[in-house]
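Here the structure comes first, spelled out in structure tokens, and everything after it is commentary.
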Amino acid sequence: MAQPLKVLRVTAIPGESPAEVTRRFGPLGRYLETKLDMRVEWVPVLDYDAVVDGLVHKKIDLALVGGFTFVLANARTGGRIVPLVQRESDGEYRSVFITRAGSGIKRLEDLKGRSISFGPGSSTSGHLMPRAALLNARIRPEADLTRVLYASGHDAVVSAVLGGRADAGALNIYIWERLVTEKKVDTAVVTEFFTTPPYYDTSWSVHADMPAATRERIKTAFLKLDATKPDEKEILDLQRSTKFVPTRVENYQRIKAAAENAGLLK
């Protein structure tokens, strides 16, 4: 029988700088402590693989994972990772390809003979789905491009393109839109030229060995977040969401199929 948790160890895929990821979690962690009546411990990680390892070996109890990260962890545990909730917008995730203005790149086919920066290798929106889009356009990244780079985070993809280290980049469209809105990128200098079709992506997930009652309490706490309450609206805003909704394993079958087709899931 699974033992009751006394401390909930939580982490998230580092799609942005560690400072930004930690900042976004703070109010949510305090909210969960109140609702679950247990201590919540934030566990910083350096990369996506550390999140997978943490879930697989049960060193992490609750993790914000991307679709591909979930698929990898689920494969390594024989289907023992349980997705609890996702943001309402997570069912309409997309990836965007960007390039410097004047590069001559206007469509995916124009990338042949050029270089690209993906996001982290285990990122759904920064690597897997952009790679799937390239393969669908009959572009084999390692064979048809001059150089394939992997950035530490989505914001780093923009820096790689802006700094001329890559002719094009692929990243999470929500982070791209935030950078544009916050005027951290000038669209007269770096522009988008292709957006993927929508797909399911991130979720808050746990290991199946977590007590069922605890899983349900966590799920309920997320679902009860109410944007009409100022304190809870702050949490939702930091999570870039208006509300959380239930999710399920079946939502990530397309991600799994894309990973298998790209040879990234054995």
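The values are calculated or read from the model by the stated rules, or taken from the named source; none is laboratory data. Because the structure is a prediction, the values reported are computed rather than measured. Here the Cβ positions follow ideal geometry from the backbone for every residue, glycine too, while neighbour counts run over all protein chains shown. Ligands, DNA and RNA are stripped out before the accessible areas are found, and what is left, the full protein with its side chains, is counted by its heavy atoms. Shrake-Rupley method; radii C 1.70, N 1.55, O 1.52, S 1.80 Å.
Structure data summary
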{"quantity": "Search result, residues across the stretch 180-239 that are of a type in the set (V, I, T), open to solvent by 10 Å² or more (accessible area, probe 1.4 Å) and over 30 Å from P130 (Cα atoms)", "calculated": "T214, T220, T228"}
{"quantity": "The stretch 17-47 - residue that is open to solvent by less than 10 Å² (accessible area, probe 1.4 Å) and within 20 Å of the chain's Cα centre (by Cα) and, of those, farthest from E177 (Cα to Cα)", "calculated": "G29"}
{"quantity": "Among residues of the stretch 155-179, those that are without any contact (Cβ under 8 Å) to a residue 60 or more places away in the chain and open to solvent by 40 Å² or more (accessible area, probe 1.4 Å), counted", "calculated": "4"}
{"quantity": "Residues satisfying the stated conditions in the stretch 27-53, i.e. touching a Phe, Trp or Tyr at 6+ places or on another chain (Cβ under 8 Å) and either among the aliphatic types (A, V, I, L, M) or without any contact (Cβ under 8 Å) to a residue 24 or more places away in the chain (or both)", "calculated": "G29"}
{"quantity": "Members of the stretch 10-54 that are assigned to a loop (DSSP other than H, G, I, E, B), touching a Gly at 6+ places or on another chain (Cβ under 7 Å) and either more than 21 Å from L72 (Cα to Cα) or polar (S, T, N, Q) (or both)", "calculated": "S17"}
{"quantity": "Test: residue in the stretch 23-42 that is of a type in the set (V, I, T) and touching a Pro at 6+ places or on another chain (Cβ under 9 Å)", "calculated": "no"}
{"quantity": "Residue identified as of a type in the set (K, R), under 23 Å from A258 (Cβ atoms) and buried (at least 22 other Cβ atoms within 10 Å of the Cβ) among R87, R107, R94", "calculated": "R87"}
{"quantity": "Output for the stretch 101-132, where each listed residue is of a type in the set (S, T, N, Q), within 14 Å of V161 (Cα to Cα) and under 13 Å from the mean Cα position of the chain (by Cα)", "calculated": "none"}
{"quantity": "Residues satisfying the stated conditions in the stretch 138-154, i.e. in contact with a Phe, Trp or Tyr (Cβ under 9 Å, 6 or more places away or on another chain) and open to solvent by 10 Å² or more (accessible area, probe 1.4 Å)", "calculated": "V148, L149, Y150, A151"}
{"quantity": "Number of the exception - S203 against (1) over 23 Å from the mean Cα position of the chain (by Cα); (2) under 21 Å from V71 (Cα atoms); (3) polar (S, T, N, Q)", "calculated": "(1)"}
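Each row is one residue, and each column tells you yes or no for (1) over 16 Å from S123 (Cα atoms); (2) without any contact (Cβ under 8 Å) to a residue 60 or more places away in the chain.
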site	(1), (2)
P198	no, no
W204	no, no
I218	yes, no
F222	yes, no
E234	yes, no
D237	yes, yes
